[in-house]
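The values are calculated or read from the model by the stated rules, or taken from the named source; none is laboratory data. Here the structure is a predicted model, which is why all the values come from computation and not from measurement. Note that each Cβ is placed from the backbone with ideal geometry, even for glycine, and that neighbours are counted across all protein chains shown.
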C-alpha cells in the first residue's frame, strides 16, 4: 500500500500555490485567476445567502401565529419580496456556476484559466454594481411587488422598483459574461485528449447552464429595462392605464424566468453527477444520456414559460400546449434521476458528507419535480395556483437544486479550495439537520396549499396554525444546521487538518493533476487525457503514482478508512 | 502506457516563442483568436436577444393596431431614415475594408478606414439628433407623454414608445461602437496590429456589422409602413 501525498518538487521550501503566490488585498481585488475569482464570488454569495436566510427566518417567525406578531403587513410584503429577490438574483443564480464553476471548470478541462480572465473579474464587479444598485432601491424605498415585479402594481407602487429593475439589468450582464466565458472555455480550452465524451458531467451541466444564461438573460434585461422606462417615461407598453398590456409583461418575464429555473438547477445536476460518480466508485450509468439530458432540459426550458400563466387569461390552446411541453421536461429529468440511482446501484459507495448531500438531493428533488408535473396539469393548476403548494414546490426544487447541491459541491471542493479538511462527524450531523429541517419546513406547506392557504399572505385562519408552526420550527432546525456548517467550515479554514491532494479519490483533473492546492496556473504541465472522468475500472490511473511524480494519491489517515480501490 | 498524464507544452518552452500579444493562458495564437471570435459571436447573440424583446413588443402592438402603426409611421421622415441606412451600410463597407487591410498588414489604409467608419457613425448620430429634436419640437414623446396635435389616435403613444426605445438603444450601440472603434483606431495607429494579430479589429468590426444589421431591420419596420 502506497501512502504518498503530493510530492512538491522541492521539499523543505514552502509550496507555492494560488492562495499564497501573491498577497494583499490588491492581489485579490485585481486577480485574474479564476480560482480566486471563484472565492470572491463565494464570499459574496454567502453574504447574500445570510441576508436572504435571515429574511426567511423573519417570514417564518411572523407566520408562527395568525394575525400580526412581529411586523406589519406592509413590512411583511417587503420582507418576502426581498427574500425572493435576494435569494434568486444574488444567491441561487450565481451560487453554483460563479463559485464552484469558476473554481473548478478550467481545472477540470485542463486549462490554465477561463478564456477571458479579465471579463471574468469584470463580471464579479458587475455583480456587485448590480447588487448595490438593487440595495439602493431597497434601502431607500423598499420593494413590495414580489420578486416577479408583475405590472400594473409594479408601475404604480412607490417602492424602489426602478432601482431594483436597473440592478437586475446590471446583474444580467454579470450572468451573461460568466456564461459566455464558460461556453468559449469549454469549446476552445480543453486539454489534449479531453473529448466531449470525456468531459466531467459538471462541465456539461455548466455548459447547458451557460447556453440558457446567454439566450434568456438578455430578454430579462430588456424586460426590466422596459419596466424601468415604464416608470420613468410612461412608455405604456405594460401599463394598462396607458393602453399597455400587463400580460405581455408576464410573457416577457417568464420567458426569462422559467429558463432561469434551469440556470439554478442545471449546474446543480452537474454537481450531483460529480458527487455520485466519485463516491459510488463506479462511473456514471448512461454518461451520454446524463450529459445530453442537460442540453435537452436547457432547450425544452425555453418552451414552457406559459405554465406560469394558466390563470392569467391566455388562450386554452396555448395553455394546453404549454402544459404538454411542461410534461416533456419530466423526461430528461427522469433520465437523470434514474441514471443517478443506477450509478449508485452495486457501486462501492463511500458515505461522506458530499454524497450525503447528493442523496438528500435525490430524495428532495423528485418531490419538487413531481409536484411540478402536478402543477403543470391544467385542471390541478387552477385550485393550486398561488397557494402554499406552489411555494413548497419551488422550494423543493430550488433549495434542493440550489442549496443542497451548492453545499454538496462546497464540501466536495473545499479541500481543493483551501487545502484543509473539515470535521466529518459535524458535517454529517449538519447535513442531517439541514435535510430534516428542510423537509419539516416545506412539507407541511404542500398540505397547507392543498387546504387553500394562499401564498404571500400575512395572516391566515386559525385552522392552519399547527402546520404553520411546524413549518416555522423546521426553519429553525434548518437554520441550526446551516449555522453548524458555518462553524466547522470556519474552523477548518484556520485549524483544519491538511488535506491530501485527492482526498476523495476522484478521477477528474482538478484532483488527479494538481497539488494539495492548485498552483497559480493550475498545472505545471498541461495534462493529456486518456480516459473518462469516472473510469474507475482504470483505478491505477486515478490512484497510481507511476509516471511523473505529480499525481496525487489518497492518503489514508487514522480516522479515514482507505477505499477499496487503493493504490498499488 | 503512460496513463492520464504527460506533458505537451512545458511552460518554459512555450514562453520562449511567445509573441507579445499572446496571453499566457492560451496555448497558441490560433487558440486565442478562435476563442475571441467565438466569444464575440456569442455576445452578438445576446445582443440580438436583447433587441428581440423589443421586436416582439413591436409585433404584438402592430398586429393589434395596424392602422395606428400605419398612420404614426407617416410622421417619420423616410428620407432621413433612408439616408442613415445608406450611411450605416457604407460604414459597414469601410469597416470590412479595415479588416481586410489589417489582414494584409496595410497599416495606413487600416487606420484610414477605421476613422472613416467612425466619421460615418458620427453622421448617423447627427441625422438622428435632428430627427429626435424635430419630434420633441412637435411634442411627439413616448407613451403617456405623447402630445402631438396633428395625430391623435389611441395607441399612437405605443408606436412612439417602441420607436424611441428601439432607435434609442440602437443609437446607444452606435455610440458604444464609436468608442470601441476609436480605441481600435488609436491602437492601429500605434502599430499594435499586423497580419499576424488583428483580433480587436476583427471583433469590433463584427460588432459594428451587428449595429448595422439591426438598423437594416429597424428602418423598414418603423419608417416604411404602408
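Details
- Residues considered: B:53, B:82. Of these, the only one that is closer than 16 Å to residue B:217 by Cα and either more than 10 Å from chain A (Cβ to nearest Cβ) or not in a helix (DSSP H, G or I) (or both) is B:82.
- Flag if residue B:135 is under 30 Å from residue A:246 (Cβ atoms), part of a helix (DSSP H, G or I), away from every other protein chain (no Cβ under 13 Å) and touching a helix residue (DSSP H, G or I) at 6+ places or on another chain (Cβ under 9 Å): yes
- Qualifying positions in the stretch B:138-154 - at the interface with chain A (Cβ under 10 Å from one of its Cβ atoms) and surrounded by 22 or more Cβ atoms within 10 Å (Cβ to Cβ): B:142, B:143, B:146
- Selection within the stretch A:224-237 - more than 9 Å from every other protein chain (Cβ to nearest Cβ) and more than 31 Å from the chain's Cα centre (by Cα): A:231, A:232
- Condition broken by residue A:359, with the remaining ones in (1) part of a helix (DSSP H, G or I); (2) in contact (Cβ under 8 Å) with a residue 12 or more places away in the chain satisfied: (2)
- Set A:114, A:139: member being more than 14 Å from chain B (Cβ to nearest Cβ), out of contact with any strand residue (DSSP E or B) (no Cβ under 9 Å at 6 or more places or on another chain) and farther than 15 Å from residue A:231 by Cβ: A:139
- Filter pass, residue A:340 being out of contact with any strand residue (DSSP E or B) (no Cβ under 6 Å at 6 or more places or on another chain), surrounded by 16 or more Cβ atoms within 10 Å (Cβ to Cβ) and within 24 Å of residue A:295 (Cβ to Cβ): yes
- Qualifying residue in the stretch B:28-47 (condition: modelled with pLDDT of 95 or more, closer than 30 Å to residue A:229 by Cα, surrounded by fewer than 17 Cβ atoms within 10 Å (Cβ to Cβ) and out of contact with any helix residue (DSSP H, G or I) (no Cβ under 8 Å at 6 or more places or on another chain)): no
- Number of residues in the stretch B:141-194 that are part of a helix (DSSP H, G or I), more than 26 Å from residue B:64 (Cβ to Cβ) and in contact (Cβ under 8 Å) with a residue 40 or more places away in the chain: the value is 12.
- Within the stretch A:349-365, the only residue that satisfies the criterion of being surrounded by fewer than 17 Cβ atoms within 10 Å (Cβ to Cβ) and within 22 Å of residue A:332 (Cβ to Cβ) is A:363.
- Single residue of A:433, A:483, A:478 found to be in a helix (DSSP H, G or I), buried (at least 20 other Cβ atoms within 10 Å of the Cβ) and under 21 Å from the mean Cα position of the chain (by Cα): A:478
- Residue check, residue A:167 more than 10 Å from every other protein chain (Cβ to nearest Cβ), within 23 Å of the chain's Cα centre (by Cα) and under 24 Å from residue A:274 (Cβ atoms): no
- Residues in the stretch A:237-286 that are free of Cβ contacts under 8 Å to residues at least 40 places away in the same chain and assigned to a helix (DSSP H, G or I) were compared, and the one that is nearest to residue A:340 (Cα to Cα) is A:252.
- Of the residues making up the stretch A:181-201, one or more are away from chain B (no Cβ under 14 Å), at pLDDT 95 or above, within 21 Å of the chain's Cα centre (by Cα) and not in a helix (DSSP H, G or I).
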